[in-house]
Structure formats: C-alpha cells, structure tokens
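The structure appears below as structure tokens.
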Amino acid sequence: MLQVYRENPILISMVSSQKMVNVEFCNIKMKLKFCQFKLFHNYLTNKSRKLSSDTNHVDLLLVRDNLNVTITLDHFLQLCHGVECVMFNKFGLKSHKYQT
C-alpha cells in the first residue's frame, strides 16, 4: 500500500494491484475504484464552490446507506486539498479553480 497523502486527520493511500484508493477522514473509511475517486473529487469540488464566509461545517452525503456526515470547514478543506493533490500527482489532473 502506497501512502500518497497523510495530513491528520486525512489519509489517502493506493493499492495499485487492486486499482483502489483508500480515503480515511473523520472516522470514515472508504475504498474507491479509480473512477469512483475521480467522481469523489468532482463532488468535493462542487461542494467547495458553495462555501461562503459564514460556512463553519460542511455536510457530505456519502453513497453507502445514504450516510450524511457533517465535518468542520477545516477538515473539509484539508480533505479537498488531499484529494486535489492525489488527482494532480497520480492522475495528472490540473486544477482549474483559480483560472479566469
């Protein structure tokens, strides 16, 4: 297993033999196929666009059992950063967030 991002409380690792990405955050553990990880990245990106200066917590709807999770803004931003780093370093996807 290759750890590709570790910044408490976020851990992202890859199992290349199974083509899986493990994401752990706030007591949540997810095993995602590469395509699911890319969809998770898109989901987080869309969620981040809805943040405002009043945001303190972010609600995430995770597919399994319609699990609703509320995490702090700091943890959400850390999760977004970790997923973004993995998408760039492992899949070559560049962020378009700051382009005009």
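Overview of results
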{"quantity": "For the chain, calculated [θ]222 nm from helices alone, where every DSSP H run of n ≥ 4 adds -39500 (n - 2.57)", "calculated": "-12000 deg cm²/dmol"}
{"quantity": "Rounded to whole Hz, the Karplus (6.51, -1.76, 1.60) HN-Hα couplings of segment 50-55, x for glycine and proline", "calculated": "8, 6, 10, 5, 8, 6"}
{"quantity": "Overall dimensions of segment 21-77 by Cα: Rg and Dmax, Å", "calculated": "11.6, 34"}
{"quantity": "Using θ = phi - 60° and Karplus 6.51 cos²θ - 1.76 cosθ + 1.60, couplings along segment 22-27 (whole Hz; Gly, Pro as x)", "calculated": "9, 10, 10, 7, 6, 6"}
{"quantity": "Long-range amide H partners of LEU60 with built H, under 5 Å", "calculated": "VAL69, THR70, ILE71"}
{"quantity": "Base-10 log of normalised Debye intensity for the chain (one unit scatterer per alpha-carbon) at q = 0.15, 0.17, 0.19, 0.22 Å⁻¹", "calculated": "-0.59, -0.77, -0.97, -1.30"}
{"quantity": "Relative contact order [Cα under 8 Å, 6+ residues apart], the chain, whole percent", "calculated": "20"}
{"quantity": "Label zone at LEU67 (point 7 Å along Cα-to-Cβ), backbone N below 12 Å, segment 8-28", "calculated": "23-28"}
{"quantity": "³J(HN,Hα) computed for each position of segment 67-73 - Karplus, 6.51 cos²θ - 1.76 cosθ + 1.60, integer Hz, glycine/proline x", "calculated": "6, 9, 10, 10, 10, 5, 4"}
{"quantity": "Members of LYS19/LYS47; LYS19/LYS50; LYS29/LYS50; LYS38/LYS94; LYS19/LYS94 lying beyond 23 Å, as alpha-carbon distances in this model show", "calculated": "LYS19/LYS47; LYS19/LYS50; LYS29/LYS50"}
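Every read-out reported here was derived from the displayed coordinates using simple, explicitly stated rules and does not represent laboratory data. Source: prediction; values computed, not measured. FYI the Cβ positions are ideal-geometry reconstructions off the backbone, even for glycines, and counts take in every protein chain you see.
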